[in-house]
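What follows is a short report on a single structure.
The values are calculated or read from the model by the stated rules, or taken from the named source; none is laboratory data. This one's a predicted model, so the numbers in the text were calculated from it and none came from an experiment. No Cβ is skipped: glycine too gets one built from the backbone with ideal geometry, and neighbour counts run over all protein chains shown.
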Amino acid sequence: MIDITPEQPDDQWEVEALFDLCFAPGREALSSYRLRDGIPFIPELSLVMRDDLRVLGAAIRFWPVRVGGAPVVLLGPVSVHPTRQGEGLGGLLISESMSRARHAGWEHVLLVGDHPYYQRFGFEKMPGVRFPPPTNQDRVLGQSLTATSFPTGQVTKFS
């Protein structure tokens, strides 16, 4: 059995430990983290996945940002515990959270990641979106959740 729920305050340290386990030690030096500084993640979209023993298997977070002034949701990080990788948990979390984003009224989702992995979820390269350096612009991906066009311009902090 798998239980997907919004991340709660009590989950924070366990989720952070999972991110530390799965990502390089300098992950917080990335430009995406500067966009998150001082901004809380979106609780209804930031999910944790636990098994029937309540062991954390995966987590995903979303943050508000702006692209050319338009509000956009930034996906990431998403992480699956190394002992659970290959089970489809990351894909399940991405699909569930994207559905929740659509129902919450978000029109666009942005991320920095590998196109070959994320294209199966509908993400495309966004050449008109400028992410702060030192991000590789070829890894900037986006998806519109509605019939509206994805905004273009500089990605900035949500304020």
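For the range 59-70, the criterion of a residue being closer than 17 Å to F19 by Cα, surrounded by 18 or more Cβ atoms within 10 Å (Cβ to Cβ), within 12 Å of the chain's Cα centre (by Cα) and among the charged types (D, E, K, R) is satisfied by at least one position. For P151, indicate whether it is more than 16 Å from the chain's Cα centre (by Cα) and either assigned to a helix (DSSP H, G or I) or more than 18 Å from I39 (Cβ to Cβ) (or both). The answer is yes for P151. Can you tell me how many residues in the range 42-56 are of a type in the set (G, A, S) and more than 16 Å from the chain's Cα centre (by Cα)? Residues flagged as of a type in the set (G, A, S) and more than 16 Å from the chain's Cα centre (by Cα) within the range 42-56 amount to 0. Given the condition in contact (Cβ under 8 Å) with a residue 12 or more places away in the chain and over 18 Å from V78 (Cβ atoms), answer yes or no: does some residue in the range 91-102 qualify? Checked against the condition, which is being in contact (Cβ under 8 Å) with a residue 12 or more places away in the chain and over 18 Å from V78 (Cβ atoms), the range 91-102 yields no hits at all. Just to be sure before I move on: is A104 farther than 28 Å from P9 by Cβ, aliphatic (A, V, I, L, M) and more than 13 Å from the chain's Cα centre (by Cα) in the structure I sent? In short, no. Suppose we keep only residues that are of a type in the set (D, E, K, R) and surrounded by 14 or more Cβ atoms within 10 Å (Cβ to Cβ) within the range 131-158. Which one would you say is nearest to E96 (Cα to Cα)? It comes out as R139. Against the numbered list (1) out of contact with any helix residue (DSSP H, G or I) (no Cβ under 7 Å at 6 or more places or on another chain); (2) more than 29 Å from M1 (Cα to Cα); (3) of a type outside the set (V, I, T); (4) in a strand (DSSP E or B), G105 comes up short only at (4). The residues listed here are A101, A24; of these, the one that is at pLDDT 95 or above and at negative phi is A101. Looking only at the range 31-88, residues that are in a strand (DSSP E or B), of a type outside the set (A, V, I, L, M) and closer than 24 Å to L145 by Cα come to 9 in all.
When the range 112-130 is limited to residues that are assigned to a strand (DSSP E or B) and out of contact with any Phe, Trp or Tyr (no Cβ under 9 Å at 6 or more places or on another chain), the one that is surrounded by the fewest Cβ atoms within 10 Å (Cβ to Cβ) turns out to be K125. Just one residue in the set D37, D11, D52 is among the acidic types (D, E) and surrounded by 14 or more Cβ atoms within 10 Å (Cβ to Cβ); that residue is D11.
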